[in-house]
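The values are calculated or read from the model by the stated rules, or taken from the named source; none is laboratory data. Only a predicted model underlies this, so the values are computations on that prediction, with no experimental measurement involved. Cβ sites come from the backbone with ideal geometry, for glycine too, and all protein chains shown count toward neighbours. Note: areas computed on protein heavy atoms with side chains; ligands, DNA, RNA excluded. Shrake-Rupley method; radii C 1.70, N 1.55, O 1.52, S 1.80 Å.
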Amino acid sequence: LIPTMLMSIVHRITGGALAVGTIILAWWLIAAASGKPYFDWISWLLGTWIGLLVLFGYTWALVHHMLGGMRHFMWDMGHGFDKHFTTKLAIALPIVSICLTVVIWIVGLAI
């Protein structure tokens, strides 16, 4: 039961992180519309190791929150309420979300 409760808390935290990350995304889009000097500056900032770490965290929060939402959708459909299944799903959720995030970044960097 502990992993399920923990993933519920993490789902809420990732929702908050997505709000902050979306502000950063909007900032980047506004910079793109504002002209080359401002866009170059924000691109440089997001290209630093701290910026990349923030972007990686945003990607992970997006993937993790999406998978958590799919879990909730499954429950809304009336499936997956068995205690052992929900625990296994809660344990798998962070592992799968990290793996998918790494794959997304590998593909993104390769392109």
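Restricting attention to the stretch 70-96, which residues are touching a helix residue (DSSP H, G or I) at 6+ places or on another chain (Cβ under 8 Å), open to solvent by less than 50 Å² (accessible area, probe 1.4 Å) and closer than 30 Å to Leu25 by Cα?
Arg71, Ala90, Leu93, Pro94
Please name all residue pairs, on different chains or six or more residues apart, with Cβ atoms under 7 Å, provided the first residue is in the stretch 12-27 and is under 20 Å from Gly47 (Cβ atoms) and the second residue is among the small types (Gly, Ala, Ser).
Gly21/Ala61
Could you go through the stretch 69-78 and let me know if any residue there is in contact (Cβ under 8 Å) with a residue 12 or more places away in the chain, touching a Ser or Thr at 6+ places or on another chain (Cβ under 8 Å) and under 17 Å from Ile9 (Cα atoms).
Scanning the stretch 69-78 turns up no residue that is in contact (Cβ under 8 Å) with a residue 12 or more places away in the chain, touching a Ser or Thr at 6+ places or on another chain (Cβ under 8 Å) and under 17 Å from Ile9 (Cα atoms).
Mind telling me which of the residues Leu62, Leu6 ends up being in contact (Cβ under 8 Å) with a residue 60 or more places away in the chain and open to solvent by 50 Å² or more (accessible area, probe 1.4 Å)?
Result: Leu6 is the single residue among Leu62, Leu6 that is in contact (Cβ under 8 Å) with a residue 60 or more places away in the chain and open to solvent by 50 Å² or more (accessible area, probe 1.4 Å).
Can we say Thr48 is over 12 Å from the mean Cα position of the chain (by Cα), open to solvent by less than 90 Å² (accessible area, probe 1.4 Å) and in contact (Cβ under 8 Å) with a residue 60 or more places away in the chain?
So Thr48 fails the test.
Six or more apart or on different chains, Cβ under 6 Å: which pairs go from a residue in the stretch 87-111 that's without any contact (Cβ under 8 Å) to a residue 60 or more places away in the chain to one that's open to solvent by less than 80 Å² (accessible area, probe 1.4 Å) and among the aromatic types (Phe, Trp, Tyr)? Could you list them?
Thr101/Trp60
Take the conditions open to solvent by 50 Å² or more (accessible area, probe 1.4 Å) and touching a Ser or Thr at 6+ places or on another chain (Cβ under 7 Å) and apply them to Trp41. Does it pass?
No.
Could you check the chain for helices (runs of 4 or more DSSP H) lying wholly inside it with 2 or more residues that are at pLDDT below 95?
Those helices (runs of 4 or more DSSP H) span 2-34, 49-76, 83-110.
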